[in-house]
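Novice: Got a structure for you, questions after.
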Amino acid sequence: MNQLPAKKQNTEADVTVSSKRYIAVCRGCDLMFETSRKDQLTCSDACRVKAHRNGSLKALRDFCKAFDIEPHMLVQADAAKRLGLNDKVMSREIELDGNPQIVRAFYKRIFDYVEAEAA
(Lines give C-alpha, C1' and ligand atoms only; values in the text may rest on other atoms or scores of the structure.)
Protein backbone atom coordinates (compact mmCIF):
# COMPACT_ATOMS: atom_id res chain seq x y z
CA MET A 1 0.00 0.00 0.00
CA ASN A 2 1.39 3.40 -1.01
CA GLN A 3 1.18 6.02 1.65
CA LEU A 4 1.17 9.67 0.82
CA PRO A 5 3.77 11.74 2.62
CA ALA A 6 2.44 13.71 5.54
CA LYS A 7 1.59 17.28 4.67
CA LYS A 8 4.29 19.60 5.95
CA GLN A 9 3.07 22.27 8.35
CA ASN A 10 4.29 25.79 7.64
CA THR A 11 6.43 27.28 10.36
CA GLU A 12 7.61 30.82 10.98
CA ALA A 13 10.95 29.88 9.44
CA ASP A 14 9.16 29.10 6.15
CA VAL A 15 7.69 32.59 5.82
CA THR A 16 9.73 35.38 4.29
CA VAL A 17 9.03 38.69 5.98
CA SER A 18 10.34 41.91 4.53
CA SER A 19 11.40 44.10 7.42
CA LYS A 20 11.99 47.10 5.20
CA ARG A 21 9.09 49.38 4.45
CA TYR A 22 9.26 52.34 2.11
CA ILE A 23 7.24 55.54 2.00
CA ALA A 24 6.92 57.18 -1.39
CA VAL A 25 4.78 59.72 -3.23
CA CYS A 26 2.57 58.20 -5.92
CA ARG A 27 3.18 59.56 -9.43
CA GLY A 28 -0.48 58.96 -10.27
CA CYS A 29 -2.42 60.59 -7.43
CA ASP A 30 0.35 62.58 -5.68
CA LEU A 31 -0.43 61.01 -2.28
CA MET A 32 2.04 59.26 0.02
CA PHE A 33 1.86 55.49 0.31
CA GLU A 34 3.67 52.65 2.07
CA THR A 35 5.14 49.69 0.23
CA SER A 36 7.50 46.79 0.75
CA ARG A 37 8.88 47.21 -2.79
CA LYS A 38 11.78 49.60 -3.07
CA ASP A 39 11.14 50.39 -6.74
CA GLN A 40 7.39 51.02 -6.62
CA LEU A 41 6.45 54.39 -8.13
CA THR A 42 2.65 54.30 -7.81
CA CYS A 43 0.26 53.23 -5.07
CA SER A 44 -2.02 51.09 -7.25
CA ASP A 45 -2.51 49.65 -10.70
CA ALA A 46 -5.00 52.41 -11.50
CA CYS A 47 -2.45 55.10 -10.61
CA ARG A 48 0.23 53.28 -12.62
CA VAL A 49 -2.02 53.40 -15.70
CA LYS A 50 -2.93 57.04 -15.03
CA ALA A 51 0.74 58.04 -14.59
CA HIS A 52 1.69 56.18 -17.75
CA ARG A 53 -1.09 57.81 -19.78
CA ASN A 54 -0.46 61.36 -18.55
CA GLY A 55 3.29 61.03 -19.10
CA SER A 56 4.42 61.58 -15.51
CA LEU A 57 6.25 58.22 -15.35
CA LYS A 58 8.16 59.01 -18.53
CA ALA A 59 8.98 62.50 -17.26
CA LEU A 60 10.19 61.05 -13.95
CA ARG A 61 12.38 58.47 -15.67
CA ASP A 62 13.80 61.05 -18.10
CA PHE A 63 14.62 63.44 -15.23
CA CYS A 64 16.26 60.66 -13.21
CA LYS A 65 18.24 59.47 -16.21
CA ALA A 66 19.59 63.00 -16.76
CA PHE A 67 20.81 63.15 -13.15
CA ASP A 68 21.88 59.48 -12.96
CA ILE A 69 19.59 58.55 -10.07
CA GLU A 70 17.01 55.81 -9.66
CA PRO A 71 13.34 56.90 -9.94
CA HIS A 72 12.38 55.22 -6.66
CA MET A 73 14.92 57.38 -4.83
CA LEU A 74 13.18 60.52 -6.05
CA VAL A 75 9.68 59.45 -4.97
CA GLN A 76 11.05 58.40 -1.56
CA ALA A 77 12.92 61.70 -1.19
CA ASP A 78 9.71 63.55 -2.05
CA ALA A 79 7.94 61.68 0.77
CA ALA A 80 10.75 62.50 3.23
CA LYS A 81 10.46 66.18 2.26
CA ARG A 82 6.69 66.17 2.79
CA LEU A 83 7.23 64.57 6.21
CA GLY A 84 9.67 67.32 7.18
CA LEU A 85 12.67 64.99 7.23
CA ASN A 86 14.63 66.47 4.34
CA ASP A 87 17.19 68.17 6.64
CA LYS A 88 17.90 64.86 8.37
CA VAL A 89 18.28 63.11 5.01
CA MET A 90 20.54 65.83 3.61
CA SER A 91 22.78 65.76 6.71
CA ARG A 92 22.88 61.94 6.43
CA GLU A 93 21.46 61.64 9.92
CA ILE A 94 18.95 59.21 8.40
CA GLU A 95 18.92 57.30 5.11
CA LEU A 96 15.97 56.82 2.80
CA ASP A 97 16.49 53.13 2.22
CA GLY A 98 13.71 51.54 4.25
CA ASN A 99 14.34 53.72 7.31
CA PRO A 100 11.87 53.06 10.16
CA GLN A 101 11.98 56.76 11.17
CA ILE A 102 10.37 57.72 7.87
CA VAL A 103 7.68 55.07 8.30
CA ARG A 104 6.99 56.30 11.87
CA ALA A 105 6.78 59.91 10.66
CA PHE A 106 4.31 58.80 7.97
CA TYR A 107 2.06 57.08 10.50
CA LYS A 108 2.37 59.97 12.95
CA ARG A 109 1.11 62.29 10.21
CA ILE A 110 -1.85 59.96 9.62
CA PHE A 111 -2.67 59.69 13.34
CA ASP A 112 -2.40 63.47 13.80
CA TYR A 113 -4.81 63.96 10.89
CA VAL A 114 -7.31 61.45 12.30
CA GLU A 115 -7.18 63.10 15.73
CA ALA A 116 -7.70 66.55 14.20
CA GLU A 117 -10.68 65.30 12.21
CA ALA A 118 -12.21 63.70 15.32
CA ALA A 119 -11.93 66.91 17.36
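The values are calculated or read from the model by the stated rules, or taken from the named source; none is laboratory data. Because the structure is a prediction, the values reported are computed rather than measured. So basically every Cβ, Gly included, is an ideal-geometry build from the backbone, and we count neighbours across all protein chains shown.
Novice: Confirm whether PHE111 is within 17 Å of THR35 (Cα to Cα), part of a helix (DSSP H, G or I) and not basic (Lys, Arg).
Specialist: Details: within 17 Å of THR35 (Cα to Cα): no; part of a helix (DSSP H, G or I): yes; not basic (Lys, Arg): yes.
Answer is no for this residue.
Novice: Checking LYS58 against (1) buried (at least 16 other Cβ atoms within 10 Å of the Cβ); (2) farther than 14 Å from ILE23 by Cα; (3) of a type in the set (D, E, K, R): exactly one of these is not met. Which one?
Specialist: In the conditions (1) buried (at least 16 other Cβ atoms within 10 Å of the Cβ); (2) farther than 14 Å from ILE23 by Cα; (3) of a type in the set (D, E, K, R), LYS58 misses (1) alone.
Novice: Which condition from (1) part of a helix (DSSP H, G or I); (2) touching a Phe, Trp or Tyr at 6+ places or on another chain (Cβ under 7 Å); (3) free of Cβ contacts under 8 Å to residues at least 24 places away in the same chain is the one that GLN76 breaks?
Specialist: Every listed condition holds for GLN76 apart from (3).
Novice: Let me ask another. Could you list all residues from segment 61-73 that are closer than 19 Å to ARG21 by Cβ and either among the polar types (S, T, N, Q) or not in a helix (DSSP H, G or I) (or both)?
Specialist: GLU70, the sole residue that qualifies.
Novice: All but one of (1) within 14 Å of the chain's Cα centre (by Cα); (2) modelled with pLDDT of 95 or more hold for LEU74; state the number of the condition that does not hold.
Specialist: It is condition (2) that LEU74 fails.
Novice: Within segment 31-51, how many residues are at pLDDT below 95 and either more than 23 Å from GLN101 (Cα to Cα) or among the charged types (D, E, K, R) (or both)?
Specialist: Looking only at that region, the number is 4.
Novice: As an exercise: evaluate LEU85 against (1) crowded, with 17+ Cβ neighbours inside 10 Å; (2) touching a strand residue (DSSP E or B) at 6+ places or on another chain (Cβ under 6 Å) and give the number of the one condition it does not meet.
Specialist: (2)
Novice: Also: Identify the residue in segment 16-30 that is over 14 Å from GLN76 (Cβ atoms) and either among the aliphatic types (A, V, I, L, M) or modelled with pLDDT of 90 or more (or both) and, among all such residues, is farthest from the chain's Cα centre (by Cα).
Specialist: Per the stated criteria, the residue is VAL17.
Novice: With the requirement that a residue be within 17 Å of LEU31 (Cα to Cα) and either assigned to a loop (DSSP other than H, G, I, E, B) or among the aliphatic types (A, V, I, L, M) (or both), what does segment 88-107 give you?
Specialist: ILE102, VAL103, ALA105
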